């Protein structure tokens with residue numbers, strides 16, 4: 001089953017984590033055959049939020065909500081179950097300064113007419 005591991009942290013705290021450590025973590029997950037994708041994100045100041053309401057598009061600079069921690073990256077993994085996904089997520093370095101949200105990926109199912 002696919003799980004998305006969303007990395008949240010205060011951006012200034014990420015300076016405590018060496019990029020090389022994150023690269024090694026990703027490589028370790030890849031070597032185990034469990035990594036599907038992983039990417040760090042640019043700072044939240046580069047974010048743009050888009051909404052469509054009543055057919056009208058609204059675009060604003062910045063993140064969806066003002067929070068102390070920001071989404072800073074993700075790992076998309078393939079794990080047998082939630083327990084294995086959590087074991088993998090616990091090894092993601094920014095977990096030491098922030099949090100990792102682990103969520104199963106839902107397959108889209110078109111409605112039958």
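Within the range 73-103, being within 12 Å of residue 1 (Cβ to Cβ) and under 12 Å from the mean Cα position of the chain (by Cα) holds for 76, 77, 102, 103.
What is the residue count in the range 70-111 for residues that are in a strand (DSSP E or B), farther than 19 Å from residue 30 by Cβ and touching a helix residue (DSSP H, G or I) at 6+ places or on another chain (Cβ under 7 Å)?
2
Listed conditions (1) under 30 Å from residue 16 (Cβ atoms); (2) in contact (Cβ under 8 Å) with a residue 60 or more places away in the chain are all met by residue 68, apart from (2).
Taking the range 89-113 as the range and being touching a residue at least 40 places away in the same chain (Cβ under 8 Å) and either farther than 14 Å from residue 22 by Cβ or exposed (fewer than 10 other Cβ atoms within 10 Å of the Cβ) (or both) as the test, the residues that pass are 99, 101, 102, 103, 104, 105. For beta carbons closer than 7 Å, sequence separation of 6+ or different chains, a first residue in the range 15-36 that is under 19 Å from residue 96 (Cα atoms) and a second that is in a loop (DSSP other than H, G, I, E, B), the qualifying pairs are 16/97; 17/97; 25/91; 25/92. Looking at the structure I just gave you, is residue 67 surrounded by 10 or more Cβ atoms within 10 Å (Cβ to Cβ), at pLDDT below 90 and part of a strand (DSSP E or B)? It is false that residue 67 is surrounded by 10 or more Cβ atoms within 10 Å (Cβ to Cβ), at pLDDT below 90 and part of a strand (DSSP E or B). Screening residue 58 against (1) over 18 Å from residue 2 (Cβ atoms); (2) at pLDDT 95 or above; (3) loosely packed, with under 10 Cβ neighbours inside 10 Å leaves a single unmet condition, (2). Selection within the range 1-40: residues that are in a loop (DSSP other than H, G, I, E, B) and more than 14 Å from residue 76 (Cα to Cα). The member of this set that is modelled with the lowest pLDDT is 10.
The values are calculated or read from the model by the stated rules, or taken from the named source; none is laboratory data. Only a predicted model underlies this, so the values are computations on that prediction, with no experimental measurement involved. Heads up, the Cβs are rebuilt from the backbone with ideal geometry, glycines too, and the neighbour counts pull from every protein chain shown.
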